[in-house]
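The structure under discussion appears below in the form of structure tokens.
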Amino acid sequence: MENKKLKIGIDIDDVVLDFVPSFINYYNLRFDSKIILGEVNTSKIWEIFGLDKSGFGSILEDFHETDFSKKMPFITNVKEGLEKLKEFDLQIVTSRHNKNKEVILEWFRKEIPNFNIPLLFSDDFYGGTSTKAQICKKLEINILIEDNPVYALDCAENGIKVLLMDKPWNRTCEHENILRVKDWKEILEKIGGLK
Ligand SMILES: [Mg+2]
């Protein structure tokens, strides 16, 4: 890889934006429930809310119409982290629905100075045709920063190095191509060691 810039794929939810905590806040307020982050111990997040995937998907659509989604907080140190990674070839890859793209772009452009990282929306959650691993392979991504254990493992098995953001829902996810990281500071350290 000496002559070519490392290509780094970056997930959005729970890597750049604080999705699960924001969704829990919205859900608890709307349904008067008391779900806490530590309970979310599966990537099948809908199970935590006693929903099936499509029921969850429909509440998720409502959520994306609110400021809980449109003004979702950034993960600690992510803005500085993205700035420091500018020497690499960056690509944001999310399984979010394509129709959320403009809202996210607007939020990123407002909050991150000179934001110019390309965004790819796979629609994977909604039954899109390509998996994240297929997309990452096609894009020739060398390192993926991800929190979802299913995507992480699929990419790892396809030879992509994964920096897995440590979350309650991915604690049992392990593979020789997966490095667990606790925050953006550690992401930068690991990438420094991989380049
Ligand atoms: Mg995610």
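The values are calculated or read from the model by the stated rules, or taken from the named source; none is laboratory data. Predicted, not measured: the structure shown is a model, and the values here were computed from it. Cβ coordinates were reconstructed from backbone atoms using ideal geometry, including for glycine residues, and neighbour counts include every protein chain displayed.
Quick check on the range 1-44: of everything there that is crowded, with 16+ Cβ neighbours inside 10 Å and more than 16 Å from the ligand (Cβ to nearest atom), which residue is farthest from Ile92 (Cα to Cα)?
Going through the qualifying residues, I end up with Ile35.
For every residue, the table says whether it meets (1) within 21 Å of Lys4 (Cα to Cα); (2) surrounded by fewer than 17 Cβ atoms within 10 Å (Cβ to Cβ); (3) not aliphatic (A, V, I, L, M).
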position	(1), (2), (3)
Ser95	no, no, yes
Pro113	no, yes, yes
Phe121	no, no, yes
Glu146	no, no, yes
Asn170	no, no, yes
His175	no, yes, yes
Glu189	yes, yes, yes
Gly192	yes, yes, yes
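Residues checked against (1) at pLDDT 95 or above; (2) farther than 28 Å from Phe49 by Cβ; (3) not hydrophobic (A, V, I, L, M, F, W, C):
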| site | (1), (2), (3) |
| --- | --- |
| Ser95 | no, no, yes |
| Phe125 | no, no, no |
| Ala133 | no, no, no |
| Asp147 | yes, no, yes |
| Asp183 | yes, no, yes |
| Leu188 | yes, yes, no |
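Quick test for you: out of Ile59, Ile48, Ile35, Ile12, pick the one residue that is among the aliphatic types (A, V, I, L, M) and in the same structural domain as Lys138 (by TED's automatic domain parsing).
Ile12
Against the conditions (1) away from the ligand (no atom under 16 Å from the Cβ); (2) under 20 Å from Cys173 (Cα atoms); (3) crowded, with 18+ Cβ neighbours inside 10 Å, where does Glu47 fall short? Just the number, please.
(3)
For the structure I just gave you, tell me whether Ile104 is among the hydrophobic types (A, V, I, L, M, F, W, C), touching a residue at least 40 places away in the same chain (Cβ under 8 Å) and farther than 22 Å from Val20 by Cα.
Criteria not met by Ile104.
For the range 65-85, does any single residue satisfy the condition of being in a strand (DSSP E or B), closer than 20 Å to Asp183 by Cα and either within 17 Å of the chain's Cα centre (by Cα) or of a type in the set (Phe, Trp, Tyr) (or both)? Lay out the reasoning, then the answer.
So in the range 65-85, the residues in a strand (DSSP E or B) come out as 74.
Filter again for closer than 20 Å to Asp183 by Cα, leaving 74.
Retained after the next criterion (residues that are either within 17 Å of the chain's Cα centre (by Cα) or of a type in the set (Phe, Trp, Tyr) (or both)): 74.
Looking for residues that are in a strand (DSSP E or B), closer than 20 Å to Asp183 by Cα and either within 17 Å of the chain's Cα centre (by Cα) or of a type in the set (Phe, Trp, Tyr) (or both), one finds at least one in the range 65-85, hence yes.
Take residues that are without any contact (Cβ under 8 Å) to a residue 12 or more places away in the chain and tell me which of the strands (runs of 3 or more DSSP E) falling wholly in the range 131-195 contain 2 or more. Explain how you work it out, then say what you get.
On the way: elements: 143-146, 161-165, 178-181.
In the range 131-195, there are no strands (runs of 3 or more DSSP E) which contain 2 or more residues that are without any contact (Cβ under 8 Å) to a residue 12 or more places away in the chain.
Quick check on Ile8: is it modelled with pLDDT of 95 or more, under 22 Å from Ile187 (Cα atoms), assigned to a strand (DSSP E or B) and out of contact with any helix residue (DSSP H, G or I) (no Cβ under 8 Å at 6 or more places or on another chain)?
no
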